[in-house]
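Report on the following structure.
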Amino acid sequence: MNQRRSVALAAGTATLLAATPLSTVFATYSWAIYCAFVIGAVTGAGIAARALRARLWAQLLAMLGALVVMVTWLAHAPHAFLGTIPTRATLQSFADLMSSATADIEKSGLPVPDTPGLLFLTSLGIGLVAVLVDVCAVGLRRPAIAGFPMLAIYAVPVFVHVDSVSPIPFIIGALGFLWLLVTDSVDRVRRFGRRFTGDGRGVDVWEPSPLSAAGRRLAFFGVAVAVALPLFLPGMTSGVLSRLNGYGPGNGPGNGNRPGPAVNLFATLAGQLNNGKSFEMLKVSTNDPNPYYLRFAVADELTASGFRNNAPGSGQAVTAKGIPDPQINHKGVSQHEYHANVTITDFDMGRAPYYLPVYQRLAGTQRLDGSWLYDYLGDQVYSNRSSTKGKAYSFDYLSTTYTKAALRAADLIDPQSSIREYARVPTQEPAQVDKLVNQLIQGKTTEYDKVEAILAYFSTDNHFQYSVTTKAGTSGSDLVDFLTNKQGYCQQYAVAMAWMVRAAHYPARVAFGFTRGSSRQGQTYSLTNQDLHAWTEVYFGGIGWVPFDATPPRSGSVKTDWAPDANNPTASSGDDNGGSTQTPGGVDASGEVGNAPHDPRDFGSGGGSVVTTDSGSTAWRWWLLGAVLALLIAFAVPGVRRGLLRRHRLAGRSRGPSPDVTVEAPGQMQVVTEPAAIGEAHAAWDELVDTLVDYDVPVSDAHTPRVVARRVIKELDLFGEPADGLRLLGRAEEQARYARVPEVSGDLGAGLRSVRRAVAATRPRRARLRAIVLPPSVLRRWRYRIGTGGAGLINRVGQVRDTVVAALSPRRLLARRGTR
């Protein structure tokens, strides 16, 4: 019995390469070591069984036995005989490990840690895949079927990742599978002895087989297409289409530890605020008598176009002590623990990451599984797997108040601290902003006094007003336009203040969330899309991120003692109180009372773009219109191409007879001596054939033109002028093909038009429409050219590769050395 060791080793190696996608699931690479041991044991057992001439079922038992022994040894299972042979108690420990793996899957976020349960589950699963691959490739000699269990491994990261998986692990696994196919093919070919060419010349060992070379080229081309094609398909994340919206990874300052943004928070917020009707998004109940804003995300990267948000990248599961201690040990900072319940009715980002609204200073969560992570950099709860739709959860938090004295006494921020990243400003920051900030903070000595001066600037005394519209400017900077026109709404106020605080060299960012709203029953707040809000957060050393709301008061907004209303700074209850007061029915500077609607326009949008009414709410319409136009153009191209080709073919007939053509009396023969006229006869016949193909009339290249004309006349029951025109075209083509001195009579163009009208009249409406919009003659010609062109390109690339391989082949070099 042939042991096929080379195929068995290739099968084991291919299985290990197919497991590469698991690197996107685990935090470290311990799993790879476990898998290597398991696959090695299975492969060795299979080779040994075949060396003993065991049957296939015995080979299967040997590999399963080796798998159990290796898994027992790797798991350090208790009560195992000699540490490798499982007993009944060992099997019970296996069950415990499986239960532990299930719990780890439920509570862990990606990437998962190398827990004993997950390592046991992974090694056992990969071992079973190795057994199946060996049986298919070696035992059954069907290596192509082995691709199915290998593909099952790749399905794991595809299933658990909401975003797209890197194509590199797929390429590595695909190359392993191709290696297995090539090894099996070589093993089969070698059984037939020495190879010879068609002319009887012997083929050296180092020379590649033409068939195998073509197979390699097709294989690599297929892998390349499989990797590239999803990038151009709608709905595939992180593809070419998703990069067209400008949400790609930025190169401006900000936290570089996070991946590129998945959701543009500014655009999402603007789209909700621009909705023509108000609808409830969630309900929150809390025993806090005076809660601040409910918060869900931040934008902390500042580019020349404004603030932008990045997808969280520092998450730990909220169920695994992933929430840091929220307590602040600083004089003048008071904290009280409260509990809140949230029921989401219609709050959803549409795609990952999904954010959960919580109050700042989160202490703990309830009714949330391990798919929900806490990002300590942005103080936000998110998930890449679970949606917020219909979510109900609870959490504990510390309501925090600050005195002005405490903020003035905040610690100095270490210049080398990573928090300094949030104080960066673009290199092309407008000079007007620096000049204004320097004027505002002149004479101020503490961080808080400077921040307070910037906050006080956004007052009606400085002619700032809340408005649902903004004025266009000519400065080229949306920030400068807003500071000049002094008209805007919450997002613009939040971005402007955060930018100015950074210009003063202090960390600042923009937070997103909800105001208290205007609908309240007891301690339950019903928050709608009109309650969405944005404000500024400033970092103070030893204290953390402190909220400041520069937006003029409106219904549901909160003004605090440390961040009072810029229009009424004396309304606070004192310097050391640290409390907050709600401003119900706040009046904006324009004189409108109550819950004034938001304007979706904003200069601080992510992705380096400006969120305006057009881009925020109607951009999708322009994209849709562009897609429809592109689709219409794509459908029109074949028909236009067919019309141009028809006009080109008939152009010669419209110019009249050639000077070298002897014209006789009407109805007499024309002696054609000009090659151009012969070409016109061929062009007329080609147009006739394409017309028949377009209208789905069968045409055989094996028939002569006269036979084709006679058959079409009979099948379509043509008579009169169309039949005469068809006979004329057939005779002209025969004369042009076979006659030494071709002779034609009649107008070929008129004959073509009459035949076309007659053929179209005999076909159903669907065939006539297809002949106009998507003519089959054009599509078939394009398919043929694409196929032959692609094959030619692959063949040329293969020839270059074969030349290089033949020149650098070690076997050939050694053979040359042996002849010396």
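Inspection of the range 99-112 identifies no residue that is modelled with pLDDT of 75 or more and more than 25 Å from SER371 (Cβ to Cβ). In the set GLY65, GLY12, which member is free of Cβ contacts under 8 Å to residues at least 60 places away in the same chain and within 19 Å of CYS136 (Cα to Cα)? The conditions single out GLY65. Quick one: which of SER285, SER314 is touching an Asp or Glu at 6+ places or on another chain (Cβ under 6 Å) and either within 15 Å of PRO353 (Cα to Cα) or at pLDDT 90 or above (or both)? Of the residues listed, the single one that is touching an Asp or Glu at 6+ places or on another chain (Cβ under 6 Å) and either within 15 Å of PRO353 (Cα to Cα) or at pLDDT 90 or above (or both) is SER314.
If you check LYS404 against the conditions, is it at pLDDT 90 or above and of a type outside the set (Ser, Thr, Tyr)? When the stated conditions are applied, LYS404 passes them.
All of (1) touching a helix residue (DSSP H, G or I) at 6+ places or on another chain (Cβ under 8 Å); (2) surrounded by 24 or more Cβ atoms within 10 Å (Cβ to Cβ) hold for ALA494 with one exception: (1). Only one entry of THR536, THR560, THR528 meets the criterion of being farther than 26 Å from PHE279 by Cα, modelled with pLDDT of 85 or more and among the polar types (S, T, N, Q), and that entry is THR560. In the set (1) buried (at least 22 other Cβ atoms within 10 Å of the Cβ); (2) assigned to a loop (DSSP other than H, G, I, E, B); (3) under 26 Å from the mean Cα position of the chain (by Cα), the condition left unmet by ASP369 is number (1). Could you tell me which residue of the range 141-182 is farthest from THR20 (Cα to Cα), considering only residues that are in a loop (DSSP other than H, G, I, E, B) and touching a residue at least 12 places away in the same chain (Cβ under 8 Å)? Per the criteria, the residue is ARG141. Counting only residues that are without any contact (Cβ under 8 Å) to a residue 60 or more places away in the chain, over 23 Å from the mean Cα position of the chain (by Cα) and in a loop (DSSP other than H, G, I, E, B), the range 374-396 holds 2 of them.
Picking from residues in the range 748-780 that are in a loop (DSSP other than H, G, I, E, B) and not charged (D, E, K, R), the one that is surrounded by the fewest Cβ atoms within 10 Å (Cβ to Cβ) is PRO764. Being hydrophobic (A, V, I, L, M, F, W, C), surrounded by 22 or more Cβ atoms within 10 Å (Cβ to Cβ) and either at pLDDT 90 or above or within 39 Å of the chain's Cα centre (by Cα) (or both), is that true of even one residue in the range 466-477? No: the range 466-477 contains no residue that is hydrophobic (A, V, I, L, M, F, W, C), surrounded by 22 or more Cβ atoms within 10 Å (Cβ to Cβ) and either at pLDDT 90 or above or within 39 Å of the chain's Cα centre (by Cα) (or both).
Could you grab the pairs with beta carbons closer than 6 Å, sequence gap of 6+ or different chains, first residue in the range 407-420 and loosely packed, with under 11 Cβ neighbours inside 10 Å, second one assigned to a loop (DSSP other than H, G, I, E, B) and modelled with pLDDT under 90? Between residues of the range 407-420 that are loosely packed, with under 11 Cβ neighbours inside 10 Å and residues that are assigned to a loop (DSSP other than H, G, I, E, B) and modelled with pLDDT under 90, there is no close pair.
The residues in the range 397-442 that are in a loop (DSSP other than H, G, I, E, B) and of a type in the set (Lys, Arg) can be counted, and the count is 1.
Based on what the data block shows, is VAL131 over 30 Å from THR319 (Cβ atoms), over 35 Å from the mean Cα position of the chain (by Cα), modelled with pLDDT of 85 or more and not aromatic (Phe, Trp, Tyr)? Against the criterion (over 30 Å from THR319 (Cβ atoms), over 35 Å from the mean Cα position of the chain (by Cα), modelled with pLDDT of 85 or more and not aromatic (Phe, Trp, Tyr)), VAL131 does not qualify.
Kindly indicate the residue of the range 418-462 that is of a type in the set (Ser, Thr, Tyr) and closer than 17 Å to VAL546 by Cβ and also farthest from the chain's Cα centre (by Cα) among those meeting that condition. This residue is THR446. Taking the range 395-406 as the range and being surrounded by 17 or more Cβ atoms within 10 Å (Cβ to Cβ) and not polar (S, T, N, Q) as the test, the residues that pass are PHE395, ASP396, TYR397, LEU398, TYR402, LYS404, ALA406.
Return a yes/no flag: does the range 439-447 have any residue that is within 25 Å of LEU294 (Cα to Cα), surrounded by fewer than 22 Cβ atoms within 10 Å (Cβ to Cβ) and in the same structural domain as GLU337 (by TED's automatic domain parsing).
Scanning the range 439-447, I find no residue that is within 25 Å of LEU294 (Cα to Cα), surrounded by fewer than 22 Cβ atoms within 10 Å (Cβ to Cβ) and in the same structural domain as GLU337 (by TED's automatic domain parsing), so the answer is no.
The values are calculated or read from the model by the stated rules, or taken from the named source; none is laboratory data. This is a predicted model, so every value here is computed, not measured. We place every Cβ from the backbone using ideal geometry, glycine too, and count neighbours over all the protein chains shown.
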